[in-house]
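Novice: Structure incoming, see below.
The values are calculated or read from the model by the stated rules, or taken from the named source; none is laboratory data. Just so it is clear, the model here is predicted, and its values are computed rather than measured. Ideal geometry is used to build each Cβ from the backbone, glycine not excepted, and the neighbour counts take in all protein chains shown.
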Amino acid sequence: MTKRINRPEYIQKLIEFKDTDVVKIVTGIRRCGKSTLLDLFKDYLLEQSIPEQNITHMNMESLKYSSLLDYEAFYHYVSDRIAAGQRNYLIFDELQMVEHWEKAIESFRLDFDVDIYITGSNAYLLSSEFSTLLSGRYVEIRLMPLSFKEFLDFYPFAPDVTTDDKFQRYLQIGGMPVLRQFDFNIPRINETLEGIYSTVILRDVLERNKATDQALLRKVVMFLADNIGCVTSPNSIGNVLSAQGGIDRGKSKGKSKNSVATKTVAKYITMLKNAFIFYSVGRYDIKGKQHLKTLGKNYIIDLGFRNMLLGYRDADRGHILENIVYLELIRRDYKVSIGKVGETEVDFVVEKPDEKLYIQVTETMEGETTRARELRPLQLISDNYEKIVLSMDKSYIKSYDGIKSLNIIDFLLGQ
């Protein structure tokens, strides 16, 4: 049996929103731990002396509920199980399986004294129809695969294994919780990741986009996985795939092949983002203080999937580390952009309502040329917000003329 990991930061978010008049929606890629999180939250409710009959917990992908995938049937089934005159807690896994589920959820809110928790494995759950119906009355909690800090808590290691060696394991297999049972058996891990990936593609991409060209979709996935952290656009990707014969060169009426390729690639990237396989990050002109519409970067949700697709390799380590840092910033609830300063680029501009940071990520700061290249974009920024360079270096140098220098592992561990 797979060990259940307690994820206290996410549980705390659910506790903070408990009994508030908003629907709590936990989103994230399949098998990242959403169901386990709500199991743990149900345990918390029981520990708070909530009667079990006041808790309705259903996974809508179970065949047990196959007759309830119409919202009216779903509504009547759940309504019959709600304890009258008392507060009830409704917990629904993979609710996107129920057609027009948002109508049932709104009716529960209107008709009963309920506190509602939902999980979903694609962003269609937060479609415009739902957003319109429950405008301002829901909160999204994005569940990610294990952080490095969680990874250290979750996996057993021999006492002589160093933190650096543990980090190498993390870079290789990623943070999907289900992998713990395989004790770092890479062939079994890759088979499991392939199964998860195939399920995500089938259920969260292809079933919702019936006309998708599967061969082309895979080419887009492989390109994005191979180019994490690189500045691209749907147009540039479309041009590459067109040149490789990856997109039909036939022209549609009044459109060049490149415009057709660009729109196709943009649509497929959106589909992959909706399934939480990739995140796209836009650019921000730091001096002009405006978001730019062209060019951006894509990051994969978990490096284990990338290594499964491409094979493990260390050649583009800088972009791998950048991907790890991006995911950590998202976990910490930062709004993240790529910074543009003149002709140079800052890896991340990160913001909260009361905080702003500029972050540069590199494998090393050793060597004058490398150090100058990494520091220059930060030196060109004239404001006084904190500027940080993250690297794998273990150096006594903690600052370069006011620009803070941190080890990436220390940053990931909050040290």
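Novice: Would you point out the residue of region 32-57, among those that are under 24 Å from the mean Cα position of the chain (by Cα) and not in a helix (DSSP H, G or I), that is farthest from F276 (Cα to Cα)?
Specialist: Here the answer is G33.
Novice: Quick one: would you say L390 is over 30 Å from N190 (Cα atoms), out of contact with any Pro (no Cβ under 9 Å at 6 or more places or on another chain) and buried (at least 21 other Cβ atoms within 10 Å of the Cβ)?
Specialist: On the way: over 30 Å from N190 (Cα atoms): no; out of contact with any Pro (no Cβ under 9 Å at 6 or more places or on another chain): yes; buried (at least 21 other Cβ atoms within 10 Å of the Cβ): yes.
So L390 does not fit the description; no.
Novice: Which condition does I15 not pass, out of (1) in a helix (DSSP H, G or I); (2) within 23 Å of F276 (Cβ to Cβ), if it passes all the others?
Specialist: (2)
Condition check ((1) aliphatic (A, V, I, L, M); (2) outside any strand (DSSP E or B); (3) more than 19 Å from K166 (Cα to Cα)) across all residues:
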position: Q360; (1), (2), (3): no, no, yes
position: E363; (1), (2), (3): no, yes, no
position: D383; (1), (2), (3): no, yes, yes
position: I397; (1), (2), (3): yes, yes, yes
position: K404; (1), (2), (3): no, no, yes
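Novice: I5 versus (1) surrounded by 16 or more Cβ atoms within 10 Å (Cβ to Cβ); (2) part of a helix (DSSP H, G or I); (3) modelled with pLDDT under 95: which is the lone unmet condition?
Specialist: (2)
Novice: May I pose another question? If you scan region 82-102, which residues turn out to be of a type in the set (A, V, I, L, M, F, W, C) and under 21 Å from K42 (Cα atoms)?
Specialist: Keep residues of region 82-102 that are of a type in the set (A, V, I, L, M, F, W, C), which gives 82-84, 90-92, 95, 97-98, 101.
Listed by number, the residues that qualify are I82, A83, A84, L90, I91, F92, L95.
Novice: Okay, next question. Select from region 272-311 the residues that are assigned to a helix (DSSP H, G or I) and over 18 Å from S233 (Cβ atoms) and list them in ascending order. I'd like the intermediate steps shown before the answer.
Specialist: Going through region 272-311, the residues assigned to a helix (DSSP H, G or I) turn out to be 272-274, 303-310.
N274, L303, G304, F305, R306, N307, M308, L309, L310, listed by residue number.
Novice: Restricting attention to region 206-224, which residues are surrounded by fewer than 16 Cβ atoms within 10 Å (Cβ to Cβ), among the basic types (K, R) and in a helix (DSSP H, G or I)?
Specialist: Passing the criteria: only R218.
Novice: Mind checking which pairs have a first residue in region 85-111 that is on the phi > 0 side of the Ramachandran plot and modelled with pLDDT under 95 and a second that is part of a strand (DSSP E or B) and of a type in the set (V, I, T), Cβ under 8 Å, 6 or more apart or different chains?
Specialist: Here the result reads E94/T119, each pair linking region 85-111 to a residue that is part of a strand (DSSP E or B) and of a type in the set (V, I, T).
Novice: If you don't mind, there's one more thing I want to ask. Going through region 276-298 one residue at a time, which ones are under 23 Å from T262 (Cβ atoms), among the small types (G, A, S) and surrounded by fewer than 16 Cβ atoms within 10 Å (Cβ to Cβ)?
Specialist: S280, G282 - these are the residues of region 276-298 that are under 23 Å from T262 (Cβ atoms), among the small types (G, A, S) and surrounded by fewer than 16 Cβ atoms within 10 Å (Cβ to Cβ).
Novice: Given the conditions (1) of a type outside the set (D, E, K, R); (2) more than 29 Å from the chain's Cα centre (by Cα); (3) farther than 26 Å from L206 by Cα, and given that S67 satisfies all but one, which numbered condition is not satisfied?
Specialist: Just one mismatch for S67, condition (3).
Novice: For region 115-169, name all the residues that are touching a strand residue (DSSP E or B) at 6+ places or on another chain (Cβ under 9 Å) and farther than 28 Å from I15 by Cβ. Let's see the steps before the verdict.
Specialist: In the first step, residues of region 115-169 are kept if they are touching a strand residue (DSSP E or B) at 6+ places or on another chain (Cβ under 9 Å); the result is 115-123, 125-126, 130-131, 134, 137-143.
Listed by number, the list is empty, since nothing qualifies.
Novice: Here's something else I'd like to know. Can you spot a residue in region 341-361 that is farther than 20 Å from I286 by Cβ and out of contact with any strand residue (DSSP E or B) (no Cβ under 6 Å at 6 or more places or on another chain)? Before you say what the answer is, go through the steps one by one.
Specialist: First pass over region 341-361, keeping only residues farther than 20 Å from I286 by Cβ: none.
No: zero hits.
Novice: Return the pairs, sorted by first residue and then second, in which the second residue is polar (S, T, N, Q) and in a strand (DSSP E or B), the first residue lies in region 13-30 and is within 18 Å of S121 (Cα to Cα), the beta carbons are less than 6 Å apart, and the residues are 6+ apart or on different chains.
Specialist: Once the first residue is within 18 Å of S121 (Cα to Cα) and sits in region 13-30, its partners that are polar (S, T, N, Q) and in a strand (DSSP E or B) give V26/T119.
Novice: Kindly list, by first and then second residue, each pair from a residue in region 332-344 that is at positive phi to a residue that is assigned to a strand (DSSP E or B), limited to pairs with Cβ atoms under 8 Å and residues at least 6 apart or on different chains.
Specialist: D333/K352
Novice: Among the residues of region 38-49, write down those that are buried (at least 19 other Cβ atoms within 10 Å of the Cβ) and either touching a Ser or Thr at 6+ places or on another chain (Cβ under 8 Å) or free of Cβ contacts under 8 Å to residues at least 24 places away in the same chain (or both).
Specialist: Selection gives L38 alone.
Novice: List the strands (runs of 3 or more DSSP E) inside region 84-169, counting only whole elements, that have at least 2 residues being hydrophobic (A, V, I, L, M, F, W, C), more than 20 Å from R203 (Cα to Cα) and more than 20 Å from the chain's Cα centre (by Cα). Let's see the steps before the verdict.
Specialist: Details: elements: 88-93, 114-120, 138-142.
Strands (runs of 3 or more DSSP E) meeting the threshold: 88-93, 114-120.
Novice: Quickly run through region 171-193 and pick out the residues that are buried (at least 20 other Cβ atoms within 10 Å of the Cβ), part of a loop (DSSP other than H, G, I, E, B) and either aliphatic (A, V, I, L, M) or at negative phi (or both).
Specialist: G175, M176
Novice: Of (1) surrounded by 13 or more Cβ atoms within 10 Å (Cβ to Cβ); (2) within 29 Å of the chain's Cα centre (by Cα), V78 satisfies all except one. Which?
Specialist: (2)
Novice: Please work out which residue is surrounded by the most Cβ atoms within 10 Å (Cβ to Cβ), limiting yourself to region 393-415 and to residues that are of a type in the set (K, R) and closer than 29 Å to K287 by Cα.
Specialist: Result: K404.
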